[in-house]
Amino acid sequence: MSELQLKDLYDGFRDPDVIKALAKTITDETKNLKETLNIMEVCGGHTHTIMKYGLKQLLPHNIDFIHGPGCPVCIMPKERIDHAIALAQMEDTILLTLGDMIRVPGSKSSLAVERANGCDIRALYSPLDAIKIALENPDKKVVFFAIGFETTTPMTAALLEQVEKQGITNLYFHINHVLVPPAVDAIMADGQAKINAFIGPAHVSVISGAKIYQPLPEKYGAPVVVSGFEPIDVLQSILMIVRQKNEERCEMEIQYSRSVTLEGNIKAQEMIAKFMEPRKHFRWRGIGDIPDSALELREEYAAYDAEKIFADILPTEPIDDHKLCICGTILKGLAKPNNCQVFGTACTPNNPMGSCMVSAEGACNAYYRYGEI
Amino acid sequence: MTSPKQIQLSHGGGGEETNSLIHDLFYHYFSNDTLLAAEDAAVLEVKKKIAFTTDSFTVSPIFFNGGNIGKLAIAGTVNDLAMMGAKPLYLSASFMIEEGFSFDDLKTIVKAMAEELKHSGAKIVCGDTKVVPKGAVDKLFINTSGIGEIEKEGISANHLQEGDIIIVSGDVGRHGAAILMEREGLGISGDLKSDCATLWPAVQALIDANVSISAMRDATRGGLSAVLNEWAEQSAVCLEIKESNIPVDQAVQGICELFGFEAFDFANEGTFILSVPEKDAQMALAALHTVEVTKKATMIGQVSRKKEGRVILHSAYGSSRYLDLPKGELLPRIC
């Protein structure tokens with residue numbers, strides 16, 4: 001079997017000639033569109049691709065992008081960050097998390113500030129590294145602050161499986177895994193966003209299967225194309241949406257067929273279901289409470305559940321964003337980052353007021369970094 | 001002297017053990033008349049205007065593919081001088097060593113420093129050793145300061161002119177990617193080597209070829225993005241860069257794809273950026289191509305007035321975007 005080369009990860013999906021040809025075809029085929037295409041890219045990864053590669057500049061004016069709620073860092077409410085901080089401040093504790101979570105402001109502080117104050121807070125590259133840290137620090141409580149959509153949930157489940165198998169007793173989980181379909185439903189049910197097509201996140205569908213998007217076209221009259229993250233993937237997905245519109249079809253289609261199936265990864269789904277179940281309520285930053293939109297540990301794994309074990313020290317009051325911050329409106333698809341009066345002035349990546357400015361996948365961050373020239 | 005296995009607090013005590021460490025290790029490898037004179041301060045003679053710089057080196061892990069902290073401490077300081085058009089002459093070297101540090105490792109590091117000095121001809125003429133209790137430093141910190149004679153004046157981040165050509169001396173991001181791979185134990189195999197190297201021979205080749213140089217800077221922390229943004233701001237110009245012209249090693253690009261990083265933000269320790277008047281650009285490339293570490297030097301863009309203080313990256317398919325300064329820590333993407 002030939003070994004996977006690092007080059008295979010990206011080569012071929014950024015060919016300038018293919019990109020130019022796709023952009024031209026889209027431009028030609030949108031000439032007959034009856035209405036502007038307001039495409040919501042649900043996932044922050046797609047926002048990043050569109051901005052980083054300047055794809056909007058290549059497309060006609062009757063295609064617009066609306067940035068969705070799909071960034072696990074952006075949607076984390078302040079009280080959950082406060083949980084992470086409270087856990088990190090416990091004596092003899094190591095708090096583990098992923099990526100930009102370290103920098104997101106809670107109500108008074110952030111994990112980055114608390115780390116500078118002396119708390120042992122570490123960013124992981126892979127959740128499974130938590131095992132090594134727990135084994136190396138038997139006299140400490142190790143808390144994994146788990147975040148992410150359907151994409152990263154199996155890794156947390158795999159970690160739990162190992163913890164159980166190896167009999168590790170000092171590793172606890174604070175679960176913040178959220179789900180894409182309820183969030184999209186919440187935004188569409190609100191009725192204010194003028195969205196008439198979706199780009200669906202492929203990474204999520206690799207796990208959950210494209211079936212999770214199947215209800216959307218019928219429910220909201222908007223086509224969904226499940227798309228990869230390379231520039232060519234995104235452009236091809238846009239073309240597929242344009243063609244559906246021109247042919248007056250409204251379906252769920254898979255562009256990212258190299259990895260996505262209708263059913264998804266059944267084994268991963270089973271593993272998640274073994275350890276986790278839907279949470280009755282989860283408050284999304286800026287959007288509010290969305291029922292069944294997140295997961296929590298099942299009762300039989302309560303011994304690993306940091307939310308239960310350390311319940312006494314965890315704050316319970318919901319905390320809203322600063323009133324000048326419009327992250328919530330942006331996450332609902334009702335505004336763009338540059339509509340916000342503090343964008344780029346009081347709120348910058350170095351000093352973010354809202355979560356959309358923190359994460360590399362946040363819409364505000366992408367607008368700030370890559371801007372519009 | 002029989003070499004001890006570990007550095008002990010007594011090696012920094014100023015007595016016999018300190019004396020043997022200095023004589024048997026540092027004097028042995030850094031030997032030169034000024035150093036061996038062992039006075040309180042080195043007495044130096046210089047004939048021209050001098051450049052003076054200092055830098056402290058802490059890196060984890062201290063040994064990495066392509067170098068170690070010692071090689072870095074010499075190349076880093078020598079390169080800071082070279083980037084000002086100064087021929088590196090004299091260096092100081094101070095070691096802050098954690099009690100218990102392996103003597104053999106220290107020897108390997110000191111040898112690497114002596115080896116790296118040969119590339120510029122600079123000498124270590126004074127130094128200091130401190131041993132601190134376990135936990136007070138992370139294994140070993142090295143500070144090096146350096147003096148060099150200015151061979152070419154007027155090189156400055158404030159001197160970029162409209163029309164200047166921007167050249168990069170090699171592929172970008174290798175040091176940062178190599179350190180990341182080793183530090184985080186990412187479990188990815190591949191021969192990803194730091195670019196850690198002394199740049200004086202390349203600068204000397206440019207000076208010998210009489211190339212006019214507006215600005216020159218080694219792209220260390222913050223990488224290519226940081227240098228270009230600093231220049232754009234300091235000279236109040238726009239740097240328009242062709243993305244497809246920036247050389248990036250395949251393995252570095254692969255790491256970036258996996259974790260959502262930008263190779264342009266990764267540190268380099270032997271790659272520099274150069275801004276030269278358009279008429280001298282070919283000459284500069286020809287000079288750089290005669291030196292091993294810069295033989296892949298290439299033009300990546302030009303200075304304009306389009307948007308003062310900003311760096312614009314043009315893609316191969318007709319779109320463009322700003323290249324911003326890297327922000328915060330390098331943390332992997334989560335989605």
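The values are calculated or read from the model by the stated rules, or taken from the named source; none is laboratory data. A quick note: this is a predicted structure, and the numbers were derived from the prediction, not measured. Please note: Cβ atoms are built from the backbone with ideal geometry, for glycine as well, and neighbour counts cover all protein chains shown. Side chains included, ligands, DNA and RNA excluded: accessible areas come from the protein's heavy atoms. Shrake-Rupley method; radii C 1.70, N 1.55, O 1.52, S 1.80 Å.
Per-structure values
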{"read-out": "Protein accessible surface hidden between B and A, which excludes ligands and nucleic acids, total in Å², probe 1.4 Å", "value": "3400 Å²"}
{"read-out": "Share, in percent, of DSSP beta bridges within segment B:9-150 that are antiparallel, nearest 5", "value": "70 percent"}
{"read-out": "Rg in Å to one decimal, and Dmax rounded to a whole Å, for chain B via C-alpha atoms", "value": "20.9, 68"}
{"read-out": "Rounded if a/c under 1.5, otherwise prolate or oblate - segment B:22-72, Cα gyration tensor axes", "value": "oblate"}
{"read-out": "From phi via Karplus (6.51, -1.76, 1.60), per-residue ³J(HN,Hα) for segment B:191-208 in Hz, x at Gly/Pro", "value": "8, 9, 9, 4, 8, 2, 6, 7, 9, 4, x, 5, 5, 4, 4, 5, 5, 4"}
{"read-out": "Percent of C-alpha pairs per 10 Å bin, segment B:9-150, short to long", "value": "12, 44, 34, 10, 1"}
{"read-out": "Residues whose placed amide H lies under 5 Å from that of B:Leu199, excluding near-sequence neighbours", "value": "B:Asn79"}
{"read-out": "Degrees separating the helix A:231-246 axis from the principal Cα axis of chain A, which is the longest one", "value": "50 degrees"}
{"read-out": "For chain B: relative contact order, % (alpha-carbon pairs under 8 angstrom, 6 or more apart)", "value": "21 percent"}
{"read-out": "Residues in segment B:70-110 that a label on B:Gln6 would reach, taking backbone N under 15 Å of a point 7 Å out along Cα→Cβ", "value": "B:97-106"}
{"read-out": "Per-pair calculated FRET efficiency, R0 = 56 Å: A:Arg298 and A:Arg249 via Cβ, rounded to 0.05", "value": "0.85"}
{"read-out": "Carbon + sulfur, % of accessible area of the protein assembly as shown - ligands and nucleic acids excluded, 1.4 Å", "value": "49 percent"}
{"read-out": "Signed unit charges on C-beta, dipole axis of the protein assembly as shown, positive-most listed residue A:Asn365, A:Met276, A:Leu160", "value": "A:Asn365"}
{"read-out": "Cβ neighbours within 10 Å from other chains - mean over A:55-66", "value": "1"}
{"read-out": "For residues of B:249-262, the mean tally of beta carbons on other chains within 10 Å", "value": "4"}
{"read-out": "Where segment B:166-282 is the region considered: accessible area per residue in Å², 1.4 Å probe", "value": "32 Å²"}
{"read-out": "Most to least packed among A:337-345, A:325-333, A:354-362 [average Cβ atoms within 10 Å]", "value": "A:354-362, A:325-333, A:337-345"}
{"read-out": "In sequence order, calculated HN-Hα J values of segment B:116-127 (Karplus, 6.51, -1.76, 1.60; Hz; x Gly/Pro)", "value": "5, 4, 4, 6, 10, x, 6, 10, 8, 10, 7, x"}
{"read-out": "Cα radius of gyration and Dmax for chain A (Å)", "value": "20.9, 68"}
{"read-out": "GluC sites (Glu not before Pro) restricted to DSSP loop in segment A:255-335 with at most 12 other C-beta within 10 Å", "value": "A:Glu263"}
{"read-out": "Rounded Å value of the spacing that divides the Cα centres of segment A:305-373 and segment B:55-86", "value": "39 Å"}
{"read-out": "Degrees, to the nearest 10: A:78-88 long Cα axis against longest axis of chain A", "value": "40 degrees"}
{"read-out": "Amide H contacts under 5 Å for A:Ile66, placed H, 5+ residues apart", "value": "A:Ile39, A:Met40, A:Glu41"}
{"read-out": "Computed over chain A: relative contact order in percent, which uses C-alpha pairs under 8 Å that are six or more apart", "value": "22 percent"}
{"read-out": "Simple label model, 7 Å out from Cα along Cβ direction - B:Gln234 to A:Ala346, nm", "value": "3.4 nm"}
{"read-out": "Under the Karplus curve 6.51 cos²θ - 1.76 cosθ + 1.60, θ = phi - 60°, whole-Hz ³J(HN,Hα) for segment A:279-284, x wherever Gly or Pro sits", "value": "8, 4, 9, 9, 8, 8"}
{"read-out": "Helix-only CD estimate at 222 nm, as mean residue ellipticity for chain B, using -39500 (n - 2.57) per DSSP H run (n ≥ 4)", "value": "-7500 deg cm²/dmol"}
{"read-out": "At R0 = 30 Å, FRET efficiency that the Cβ-Cβ distance of A:Lys108 and A:Glu372 yields, to 0.05", "value": "0.30"}
{"read-out": "Shape metrics for segment B:165-322, restricted to C-alpha atoms - Rg then Dmax, Å", "value": "15.5, 47"}
{"read-out": "Whole-angstrom Cα spans of the protein assembly as shown along principal axes, big to small", "value": "86, 64, 55"}
{"read-out": "Under 5 Å, built H, 5+ apart or other chain: amide partners of A:Ser359", "value": "none"}
{"read-out": "Surface per residue (accessible, 1.4 Å probe) for segment B:1-105, Å²", "value": "50 Å²"}
{"read-out": "If the convex hull is drawn through the Cα atoms of segment B:254-335, its volume per residue in Å³", "value": "154 Å³"}
{"read-out": "Shielding of B:311-317 by partner chains, average beta-carbon count, 10 Å", "value": "6"}
